Amino acid sequence: MADQGGDGIVMREYRKGNWTVNETMVLIEAKKMDDERRMKKSEGKPTELRWKWVENYCWRRGCLRSQNQCNDKWDNLMRDYKKVRDYQRRGNGSNYWEMEKNERKEKNLPTNMLRQIYELLEEVVEKKGGQTVVASTAPAAAIPLPLTAPPPPAPAAAPLLQVQLQPPLLYAQPFPTVDVRDSSDSDTSEHSDSVAKRRRRSGGDGEGTSGGTASPSNSNEVGTAICKSASIIAEAIRGCEENEERRHRDLVGLHERRLQIEESKTEINRSGIHGLVDAINKLANSIIALASHKNQSAPK
């Protein structure tokens, strides 16, 4: 189902048409594995695009669909799943699984949702919701605020080294800006004392004062730059996710409009064929009437 191009690039030949039950189950399994993969991607390695990874997973299991097909099918599955779930939770009518197709259609519910597919979707949705809650609450409890006294005075490069060792925690946890300010204040007071002592020894040399205040200001600048960089990266990632979801919604809307246009074309063609058949029947009746009239008026 895939051939090798002239430049060494594998061109995939995607399957079209309605999805089978087996293909749908493979897609749900792929989305479940992708959610687990994305929860573990904090190792700093470059990750593959979400739906491209799902496409590759499906291909390895015989579901020959493209990433756009997988995304559109998943959107449709989630839409039908939410309709059935909300109806079942209300509980003000008959059970969805005991209804006939025409009754489901009258209540604006999906007519072909299988219970096996629904249970698999429910497992994926509930598991993803639980992982999101754990991931959002765990980092806040993982960073206790420092309550111990600051370390003894160190050389001027020590505060800068302490701030530079903290960035790996900033990407997965809340920004410890309070810690940076506290350490900077304590270091400032300590260095001010040491500077005063040196100034008393050297007779009030101005250069010692300027050298003692440079390190805390550098620490504040580094901490502020790290916080700004982390917020910019998080905003960029969130923007990419929103753009991707918006593109997929637009694509689904485009497919729906295309289906409406095709249905209208089919209806126009059907009307044209009916009109042509009526015209042919009328013409045939006119010819028969004309022939019979000539036969009756011919001389005997």
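The values are calculated or read from the model by the stated rules, or taken from the named source; none is laboratory data. Everything numeric here is computed off the predicted structure, so don't read it as measured data. Note that we place each Cβ from the backbone using ideal geometry, even for glycine, and neighbour counts take in every protein chain shown.
Observations, loosely collected:
Yes/no per residue for (1) at pLDDT below 90; (2) among the small types (Gly, Ala, Ser):
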position	(1), (2)
SER264	no, yes
ILE268	no, no
HIS274	no, no
ASP278	no, no
LYS282	no, no
SER292	yes, yes
SER297	yes, yes
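- Residues that are among the small types (Gly, Ala, Ser) and under 30 Å from ARG50 (Cα atoms) do occur in the stretch 241-259, at least one of them.
- Condition broken by HIS255, with the remaining ones in (1) over 30 Å from ARG79 (Cα atoms); (2) touching a residue at least 24 places away in the same chain (Cβ under 8 Å) satisfied: (1)
- Residue in the stretch 212-225 that is part of a helix (DSSP H, G or I), at pLDDT 90 or above and of a type in the set (A, V, I, L, M) present: yes
- Search result, residues across the stretch 33-54 that are at pLDDT 90 or above, of a type outside the set (Val, Ile, Thr) and closer than 18 Å to GLU245 by Cα: ASP34, TRP51, LYS52, TRP53
- Pick from the stretch 88-110, criterion part of a loop (DSSP other than H, G, I, E, B) and in contact (Cβ under 8 Å) with a residue 12 or more places away in the chain, ranking: surrounded by the fewest Cβ atoms within 10 Å (Cβ to Cβ): ASN108
- Tabulated pairs, the stretch 111-129, first within 15 Å of LEU27 (Cβ to Cβ), second of a type in the set (S, T, N, Q), C-beta under 8 angstrom, 6+ apart or interchain: ILE117/THR24
- Some residue of the stretch 11-19 being of a type in the set (Gly, Ala, Ser), at pLDDT below 95 and closer than 30 Å to ALA230 by Cβ: no
- Scanning the stretch 274-300 for residues that are assigned to a loop (DSSP other than H, G, I, E, B) and of a type in the set (Gly, Ala, Ser) gives a single hit, ALA298.
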